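Enquirer: Structure provided below as structure tokens; questions to follow.
Since every read-out is calculated from the coordinates, none of them should be taken as a lab result. Treat the numbers as computed from the prediction; the structure is a model and nothing was measured. Every residue, glycine as well, gets a Cβ built from its backbone with ideal geometry; the counts of neighbours run over all protein chains shown.
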């Protein structure tokens, strides 16, 4: 506790005096509340606030104020474009504040998130992953010759090393690892053929894809459980809050009188 307090006091001592008391630039005040707001915005972006960061914020505010004063001297603040831009910025800022206030007043509870997760979980189909190996050759005749060798008892891995034209998998006995037949990046013809095999089974006929002719072996099958609640919780919270805001906006628009 003492170490934390001391660190806080040291940090406060390092804050520039101008920042601690707000700023005045050519007689124009920049209140502390405005400085604090920028600090919060920087912190929200994940940046650590150090004395150097604080001083950089002060420098940027001073520069912006000096430029603003010069623009006013030229009458730029009277232009229709500027007034329209200012109105748009004020409108968006207030709209964002209203949404933020609504979110604080209407948080999505853990119970609501869990109920939504359970509903989605029941709709998620069981995901099947396949562990496959293959032997890739250039022609159907070569593929049929490989099948004949397999029927005579030649080991699949040995044939893959000897015959396959796939340089990455042949060194591993044709092993391609695990893939999702629905979402995986394999050719559709390949994925479909592999999906119809039983564990340990080899395709009875060669399978043609854009890469050539394949003899496919299904090494293993496993099912993937749906994502855990904690993994989906942030996405669910964002989606549910988005739905609430959409509903809120829809209700406001339904009551509004808009003319063009």
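Enquirer: Please rank 102, 117, fewest neighbouring Cβ atoms within 10 Å first, as an exposure proxy. Show your work: numbers first, answer last.
Expert: On the way: 102 13, 117 19.
By the 10 Å Cβ count, ascending, the order reads 102, 117.
Enquirer: Using the count of nearby Cβ atoms within 10 Å as a rough guide to exposure, how do 25, 137 rank from fewest to most? Don't skip to the end; give the middle numbers.
Expert: Values: 25 16, 137 20.
Fewest-to-most ranking of 25, 137: 25, 137.
Enquirer: By its C-alpha gyration tensor, with a ≥ b ≥ c as the square roots of the eigenvalues, how is segment 138-203 shaped: rounded for a/c under 1.5, else prolate for a/b larger than b/c, else oblate?
Expert: Numbers: a/c = 1.67, a/b = 1.45, b/c = 1.15.
Here segment 138-203 falls in the prolate category.
Enquirer: Quick one: grab the alpha carbon gyration tensor of the chain, order the square roots of its eigenvalues as a ≥ b ≥ c, and give me rounded if a/c is under 1.5, else prolate or oblate depending on whether a/b is larger than b/c. Walk me through the intermediate numbers first.
Expert: Details: a/c = 2.82, a/b = 2.45, b/c = 1.15.
Verdict is prolate for the chain.
Enquirer: Related question: Sort 156-164, 75-83 by the packing proxy (mean of other Cβ within 10 Å over each peptide's residues), most packed first. Before the final figure, lay out each step's value.
Expert: Details: 156-164: 18.0, 75-83: 10.3.
So the peptides 156-164, 75-83, ranked by packing, come out 156-164, 75-83.
Enquirer: Can you compute the helix-only [θ] at 222 nm over the chain? Use -39500 (n - 2.57) per DSSP H run of at least 4 residues, normalise by all residues, nearest 500 deg cm²/dmol.
Expert: Working: 11 runs with 152 residues, N = 260.
Calculated mean residue ellipticity at 222 nm is -19000 deg cm²/dmol.
Enquirer: Please say if segment 76-160 is rounded, prolate or oblate, where rounded means a/c under 1.5 for a ≥ b ≥ c the square roots of the C-alpha gyration tensor eigenvalues, and otherwise the choice is prolate for a/b larger than b/c and oblate otherwise?
Expert: On the way: a/c = 7.95, a/b = 2.43, b/c = 3.28.
Oblate, because a/c is 1.5 or more while a/b does not exceed b/c.
Enquirer: Arrange 58, 28, 126 by Cβ neighbour counts within 10 Å, fewest through most, would you? Let's see the in-between values first.
Expert: Working: 58 18, 28 12, 126 8.
Starting with the residue having the fewest Cβ neighbours, the order is 126, 28, 58.
Enquirer: Follow-up. Highest mean first, what order results for 36-45, 146-155, 88-97 on Cβ atoms within 10 Å?
Expert: On the way: 36-45: 11.7, 146-155: 13.4, 88-97: 10.1.
Top to bottom by mean Cβ count within 10 Å: 146-155, 36-45, 88-97.
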